[in-house]
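Below you'll find the structure, written out as structure tokens, and then a few comments.
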Amino acid sequence: MSNISLPKHAGLVEKCWHYAFVLICSVVFLFLIAPILVIIPLSFNAEPYFTFNESMLAFDSNAYSTRWYEDFWSTEIWRQSIVNSFIIAFWSTLMAVTLGTLAALGLSRSEMPCKGLVMGLLISPMIVPLVITAAGIFFFYASVGDFIPLTGTYLGVIIAHTVLGTPFVVITVTATLSGFDNSLTRAGAMCGADPTRVFFKVVLPLILPGVISGALFAFVTSFDEVVVVLFIASVEQQTIPRQMWAGIREQISPTILAVATILVCISILLLTTVELLRRRAERLRGMLPG
Amino acid sequence: MDMAPKTLETSRSEILSTVDGQPLKKALARTERTKRFKAILLVAPLLTFITVTFLYPICLMLFRSVENPLVAENMPQTLEVLQKWDGKSLPSELAFAAAAKDLAAARKSKMIGRLATRLNFETSGLRSVITGTARKVKKMEAPFKEAMIQARSQWGDVATWSTIKRLGPTIIDVNYLAAVDRGYNVKGEIELRDEDRRIYVSLFGRTLLMSLIVTVASLFLGFPIAYLLASLPLKYSNLLMILVLLPFWTSLLVRTTSWIVLLQTQGVLNDVMVWLGLFEDEQRVQLIFNAQGTVIAMTQILLPFMVLPLYSVMKTIHPSYMRAAESLGAHRYTAYWRIYVPNTLPGIGAGSLLVFILAIGYYITPALVGGQDGQMISNLIAFHMQKSLNWGLAAALGGILLGGVVILYWLYNSLVGVERLKLG
């Protein structure tokens, strides 16, 4: 790591460069974070506008209200979409984590043949444009519709979201397993544990941080997904993103800002969890002191 | 399994074997096989799942782009007669009679609407010709040629018949031709569409251009902050990293909504500009619902995908390289440009490719903030899937887009390696 701070003997030009660099970085950070932060105060706007008015800037307490949150909570369709989003995200995460962790365990064994190709295939749902995936799944559900109705059902949406979530689980768990010491499983086996017991008692506790962050990624992917829902779901499976999509396209109301703020809070929560897990893992591996 | 050789005195010529007398080579091969089988068994559930619910559906979509059963199934007699038709003058009474029979049958089986729509995609105006004639065909009497031309004059055009003949095969290329603004003319030659109907090639071009701008913009914005993050002590860089990761974790729709709030004419940024006196209230600029709004929003959304690979490469560049260059007499900036930056090339490549791949398939952001001139190819695929219901054309456009993405993905996989994909 090179040191970023300015040496004492720095000349005028170097000083200028240094401050320009700091300024550029601050602007980029502002560019990244401002759009997320700006909606939080606006969601408490008492007026149905999307910008700050004078009384808001003067911190007049009358200019702020929680009416959009009340509106969100009292609207049946929003409540239903929250429930739907959680149901769909929960089940698709569960499936993605199970399938993805198993696959990652297999992929990180040295005996696995065609590793690169298989990995490439398993990651591809993350790379292929969502519209193409959604169109493909739409045709697929239509073609099997006579046997199992999947279009316009919860099962259909859950399966599609599982497909989109698995790459994240595969990536995070494979990354965790890359630092895994295989002699530990052998030690477990030598102590008389059968492979299942070794997995649950030795392997799983060690790769758990990777599994959990993969799960959170899969959860967020499903929770934020709108294209597949637009293509294959019916009104019954209305999710939060689908409802926001409709809101932005049709009648934009500040209720959306209230929902957006709630979603930002959820993402902060998830990010904190993942960061804590990552740091714990790094500390355990001795990469971070303390 | 105990793999120790029988005795130490075993002579070289004797085959090494395990305790139970099997040749060691064979026993080893068997354990190897079992291990490989176990590894495959672990991967199999997900691979099967992905194959059935992802790879097969995509093949299904690609097949949609070339399959064309409607005309062959619903106008079999007409197509049979048209086989011998020269395509230059109007076909004989036989063809008219066959068409009348086919249309009547199609009306009975309720397929007439879909047939008409299919023919209409190829030559606009044919929908009403088909449905209109089908309604009257029951009362028609021979000679059908006069009766049908009387019902709809288009039956007297050679073009109508050549359209039907062209759509006869069950596997066709017209969707792909349409996706690159081409089509067959009356003579059966491939030619460019009329100028006002050429939209797809320029749309592909615009999609590539916008993705390129987004990629370059995120490289220029991402490089300085990745450098800052890699150079700061972990204590501070971890805190600043949150600023990069929070957008990464925030809903795409939330971020798109925020950009609308920020950039619209009555939005926050315009308000700030007016308040600062940079321009008058009437001079507010339209920053969103156009191509530049889409580029701005997409750059912010994809920036973390650039910063993370850059950061992880910069982290591995040892500071002694720079010190070595400086001690050899290079100026600090020379050392930076000639030593540090070339060392970050793997990160630049990985980040740029990833951002570009993700950008060319973008749908949600252009759909919400793109307005007229900010639409990308995915938006048109969705339009043909949901509104115009021209699934064949949607599949062909999707097939071309997918081809591009697969090539880029293959490039990424062979240059960077998919297992090194970074997610925070």
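The figures follow:
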| quantity | calculated |
| --- | --- |
| Residue list for the range A:35-81, restricted to those being within 30 Å of residue A:236 (Cβ to Cβ) and in contact with a helix residue (DSSP H, G or I) (Cβ under 6 Å, 6 or more places away or on another chain) | A:39, A:43, A:68, A:69, A:71, A:72, A:78, A:81 |
| Residues within the range B:231-257 that are farther than 24 Å from residue A:270 by Cα and in a helix (DSSP H, G or I), tallied | 1 |
| Selection within the range B:118-157 - touching a Lys or Arg at 6+ places or on another chain (Cβ under 6 Å) and either over 15 Å from residue B:78 (Cα atoms) or β-branched (Val, Ile, Thr) (or both) | B:120, B:129, B:132, B:133, B:151 |
| Selection count where residues are surrounded by 13 or more Cβ atoms within 10 Å (Cβ to Cβ) and modelled with pLDDT under 85, scope the range A:180-190 | 1 |
| Candidates A:277, A:269, A:263, filtered to the one that is surrounded by fewer than 16 Cβ atoms within 10 Å (Cβ to Cβ), hydrophobic (A, V, I, L, M, F, W, C) and more than 19 Å from residue A:131 (Cβ to Cβ) | A:269 |
| Leading residue by the ranking (farthest from the chain's Cα centre (by Cα)) among those in the range A:54-97 that are small (Gly, Ala, Ser) and buried (at least 18 other Cβ atoms within 10 Å of the Cβ) | A:81 |
| Top-ranked residue in the range B:152-193 [being of a type in the set (S, T, N, Q) and either touching a Pro at 6+ places or on another chain (Cβ under 9 Å) or in contact (Cβ under 8 Å) with a residue 12 or more places away in the chain (or both); ranked as farthest from residue B:87 (Cα to Cα)] | B:175 |
| Meets criteria (among the hydrophobic types (A, V, I, L, M, F, W, C) and either in a helix (DSSP H, G or I) or closer than 30 Å to residue A:196 by Cβ (or both)) for residue A:59 | no |
| Elements of type helices (runs of 4 or more DSSP H) in the range A:82-192, at least 1 residues being touching a helix residue (DSSP H, G or I) at 6+ places or on another chain (Cβ under 7 Å), under 25 Å from residue B:359 (Cβ atoms) and without any contact (Cβ under 8 Å) to a residue 12 or more places away in the chain | A:115-127, A:130-143 |
| Index of the failed condition, residue A:123 passing every other in (1) of a type outside the set (S, T, N, Q); (2) surrounded by fewer than 17 Cβ atoms within 10 Å (Cβ to Cβ); (3) under 20 Å from residue B:56 (Cα atoms) | (2) |
| Subset tally (residues that are free of Cβ contacts under 8 Å to residues at least 24 places away in the same chain and surrounded by fewer than 23 Cβ atoms within 10 Å (Cβ to Cβ)) for the range B:364-381 | 1 |
| Failed condition for residue B:191, given (1) assigned to a strand (DSSP E or B); (2) in contact with a helix residue (DSSP H, G or I) (Cβ under 7 Å, 6 or more places away or on another chain); (3) exposed (fewer than 15 other Cβ atoms within 10 Å of the Cβ) | (2) |
| Selected residue (only one of B:234, B:239, B:263, B:229 is out of contact with any Lys or Arg (no Cβ under 6 Å at 6 or more places or on another chain), touching a residue at least 24 places away in the same chain (Cβ under 8 Å) and closer than 21 Å to residue A:275 by Cβ) | B:229 |
| Residues being in contact (Cβ under 8 Å) with a residue 60 or more places away in the chain and not aliphatic (A, V, I, L, M) - total across the range B:64-82 | 6 |
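The values are calculated or read from the model by the stated rules, or taken from the named source; none is laboratory data. What you are looking at is a predicted structure, and each value in this text was computed from that prediction instead of being measured. Positions of Cβ are backbone-derived with ideal geometry, glycine not excepted, and every protein chain shown enters the neighbour counts.
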